[in-house]
Amino acid sequence: MGNFSKEIEKFMRKAKNALNNENGKAMRKGLNAGAKVYKDIVKPIIPVLSKSTDFRRKNTLKNNLRHKTTIARDKESGKAIIRIRRTKGRKMASIHANTRDKTDPFYWFLVDRGTSKMRGANFMEQGKRLGEKRALEAAKNKYFEEMKKFMR
């Protein structure tokens, strides 16, 4: 009888591990789908320069809207962060630095939140207000779709 119970415990552990791994994968896909929907909503709101200059490209802020998805080690929770960031781990210049890089979006928060002499565009808040429900719905739908595929 002991051998049979050990086999059942072993099978249950394997099933639980497989479900946990698949949960993490489905969660990542769901969060990515939600972030994509959110980004599609925010991109048209982001202000654009009327033309490129010697120091700034026209669509610098739009081109640097990125998301990062993280899943907890226990694969029970996760989050997607959507921000203006540079590619490949490159750092943004400080406000006081004199940079010739036309693609550096170091000024994004000045445009978004404003300065003492300029009102902010608040495109990140507007995007959150407009797209939060749709992004959550897309994330849930994708998560359940992926989990249903695994259960078959």
- Query: Can you give the accessible area per residue of the chain, in Å², using a 1.4 Å probe?
  - Reply: 74
- Item | Solvent-accessible area of S116 with every protein chain in place, 1.4 Å probe, in Å² to the nearest 10 | 120
- Message: Taking all protein chains in place and a 1.4 Å probe, what share, in percent, of the accessible surface of the chain do carbon and sulfur account for?
- Response: 53
- With all protein chains present and a 1.4 Å probe, how do L49, L31 order by accessible area, largest first? L49, L31
- Candidate residues D101, D112: accessible-area rank, largest first, probe 1.4 Å: D101, D112
- Message: Using the Cα centre of the range 1-60 as origin and beta-carbon charges of +1 (Lys, Arg) and -1 (Asp, Glu), tell me which of M12, Y38, S50 is placed farthest towards the positive end of the dipole.
- Response: S50
- Relative to the longest principal Cα axis of the chain, at what angle does helix 123-151 sit, 0 to 90 degrees, rounded to 10? 20
- Note on the structure: The rounded separation in angstrom of the Cα centers of the range 14-68 and the range 100-152 is 7
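The values are calculated or read from the model by the stated rules, or taken from the named source; none is laboratory data. Computed from a predicted structure; not experimentally measured. Here Cβ is always computed from backbone atoms with ideal geometry, including for glycine, and neighbour counts include all displayed protein chains. These area figures cover heavy atoms from the full protein model, side chains too; ligands, DNA and RNA do not enter into them. Shrake-Rupley method; radii C 1.70, N 1.55, O 1.52, S 1.80 Å.
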